[in-house]
Amino acid sequence: MLLDIAEVARQSGLAPSALRYYEKRKLIVSRGRNGLRRTFDPEVVSRLALISCARAAGFTLAQIGRFLAATPNNVDLQARMAEQAERLDEEIARLSRMRDGLRHAASCTHTPLVECPKFKALFKGSISELPETSHCGTSVD
């Protein structure tokens, strides 16, 4: 059963104009038309989820297009993907430190809060250098 562009837009959360643009860039393929509306295989929703995830991970549409057409023999592309995975790991670590710092700050009694050694260490990424509980009597969740 084919999906029309409105249904694909609803399921993917993307505007129909974005779907038309992705089709123009050959990231997705329509199967035809139902009247004036493009129709797509239901699998396009999964492909769009992959495209959205790749965009959120920092890939450009051109890179995503190469990725979607890649074969295991494309070692240059695989190397770029590995580099991007490393950047994502660094970003995840940074965001995790921020989350942990905010959780700590929510119950810290140090005055001023931003001078709390544990809070500062979390943002520097050196929490491992501090004991499990700091002088303010709270621990990181």
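Below are the figures for this structure:
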read-out	value
Exposure rule at most 14 other beta-carbon atoms within 10 Å, DSSP loop GluC sites (Glu not before Pro): the chain longest free segment	44-131
Sulfur and carbon atoms: percent of accessible area, the chain [1.4 Å]	55
F59 accessible area, 1.4 Å probe, all protein chains in place, Å² to nearest 10	50
Within a Gaussian network of the chain (alpha carbon springs, distance under 10 Å), most fluctuating of R55, R103, R47	R103
Accessible surface of I28 - all protein chains present, 1.4 Å probe, nearest 10 Å²	0
Computed E for A15/R66 - FRET, C-beta separation, R0 25 angstrom, nearest 0.05	0.55
Cβ-based net charge around P16, under 12 Å, with every Lys or Arg adding one and every Asp or Glu removing one	+1
Global geometry of segment 1-116, whether rounded, prolate or oblate, following the gyration tensor of its Cα atoms and the 1.5 cut on a/c	oblate
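The values are calculated or read from the model by the stated rules, or taken from the named source; none is laboratory data. These numbers were taken from a predicted model, which means no experiment stands behind them. Counting neighbours? That spans all protein chains shown, and the Cβs are built from the backbone with ideal geometry, glycine included. In case anyone asks, the SASA skips ligands and DNA or RNA and just uses the protein heavy atoms, side chains included. Shrake-Rupley method; radii C 1.70, N 1.55, O 1.52, S 1.80 Å.
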